[in-house]
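Student: Got a structure for you, questions after.
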Amino acid sequence: MSWESIIRGVIHDPDELPAAVDELIRYHKENWEIYRRNIEGLSRLKQRELAQDGARIWVQANPARRRSTLARLDDEAIALRPCFLCPEHLPPEERGLAFGELVALVNPYPILPRHLTLPARSHTPQRLSGRVPLMLGLARALGPEMAVFYNGPRCGATAPDHFHFQACAAAQIPLLHELSGDGRRAVRSFGRRLLVGSGIEPAPVAAFVEETMRRLGAIEPEPPLNLLVRFDGEQYRAAVWPRYRQRPERFFAPEDRRLSVSPAALEMGGVMVLAEPEHLSRLDPAVARAIYEEVSLPEADFSRLAEELECR
């Protein structure tokens, strides 16, 4: 297949994107059995709420995510498999919406409602530099009901060889309910350490993210981070998680201790996905906090970075 055969519509006016996404979702519910089954199955997934110090997260047992959560992400494995975001390797049922250089596709293995993947039309590596304004523009076009997220090439991206954003329903991301105010902030929540930049105009928020990347240093292929952005109707907000590890120790533990969790942006935002339902009982607030602390930038480095960025 080619992008020409996959694209059902071209969005020229950003204000038209939300309604077009609604129609795209409706189309796939009617015409793609796997997508319909997995969307309907979200409400039946086993879940647990964990709370600590006023923060809460949801733990979701989602076996449909096994392929992504358990995927080999080393360079050799990526090089040996076909790129599943290139049009010739997409499922034959998949159709999309062209939005600038991106194509909006429904994610057939969703974590939350309205889960989209938005790959670039060209096969280029997952690199955020220079694309933060595009991400903020996408968040504004999708509207307050949606959040847009980016997983770095060693921070949860299962297609580090093909640039893409993702998006989903904002209301079900717990962390977004904790964040308020404007300006730059350093946030510590449930073991997570994140930097938040907010503002009415997109340019200062984009500058905050790009400055964060520069101050993290010249790390190849890029500084490890997850990014979540939303436009709430009045202001833009960007949450940046500088990362230390890709996966926690418990991912590699013997089976009786193992946890099938591979933290990416949604996990850092408070939706912790376990690929194996039997692992659900192994996760309590202390274990979840330990996982977040393990994969986040260490406190000393985080404090120094927050000070350099003048985060409150």
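Just so you know, all these numbers are worked out from the coordinates, no wet-lab data involved. Owing to the predicted nature of the structure, the values given are computational and were not obtained by experimental measurement. All Cβ positions, glycine included, derive from the backbone under ideal geometry; neighbour counts span all protein chains shown.
Student: In the set (i) 0.94; (ii) 1.03; (iii) 0.98, which value of Rg/Rh (Cα atoms, Kirkwood Rh) was calculated from the structure you see?
Tutor: (i)
Student: Once the dipole of the chain is set up with Lys and Arg at +1 and Asp and Glu at -1 on Cβ about the Cα centre, which of Gln47, Ala300, His162 lies farthest towards its positive end?
Tutor: Gln47
Student: Still on this model: List the cysteines in the chain whose Cβ has no other cysteine Cβ under 4.7 Å from it.
Tutor: Cys with no partner Cβ under 4.7 Å: Cys155, Cys168, Cys311.
Student: Asp53 to Glu220: FRET efficiency via 1/(1 + (r/R0)^6), r the Cβ-Cβ distance, R0 35 Å, to the nearest 0.05?
Tutor: My answer for the efficiency is 0.45.
Student: Report the residue, chosen from Val287, Val132, Val295, that carries the largest GNM mean-square fluctuation when the chain is represented by alpha-carbon nodes joined by springs under 10 Å.
Tutor: Among Val287, Val132, Val295, the largest mean-square fluctuation in the Gaussian network model of the chain belongs to Val287.
Student: Please check: in the Gaussian network model of the chain (C-alpha springs, under 10 Å), which one of Ala265, Ala20, Ala206 has the largest mean-square fluctuation.
Tutor: Ala20
Student: Can you give the local net charge around Arg250? Use residues other than it whose beta-carbon is closer than 10 angstrom to its beta-carbon, Lys and Arg +1, Asp and Glu -1.
Tutor: That sum, taken over residues with Cβ under 10 Å, equals +2.
Student: Right, another one. About the Cα centre of the range 3-308, how large is the charge dipole given +1 on each Lys and Arg Cβ and -1 on each Asp and Glu Cβ? Please answer in debye to the nearest 20.
Tutor: The dipole of the range 3-308 has a size of about 660 debye.
Student: Placing +1 on the Cβ of each Lys and Arg and -1 on the Cβ of each Asp and Glu in the chain, which of Asn31, Leu73, Pro153 has its Cα farthest towards the positive end of the resulting dipole?
Tutor: Checked the options; the winner is Leu73.
Student: Where does the charge balance sit around Ile78 when Lys and Arg score +1, Asp and Glu -1, over other residues with C-beta under 13 Å from its C-beta?
Tutor: -1
Student: Starting from the Cα gyration tensor of the range 133-226, take the square roots of the eigenvalues, sort them a ≥ b ≥ c, and report rounded, prolate or oblate (rounded when a/c is under 1.5, otherwise prolate if a/b is larger than b/c, else oblate).
Tutor: On the way: a/c = 1.33, a/b = 1.17, b/c = 1.14.
Rounded shape, in that the Cα axes give a/c under 1.5.
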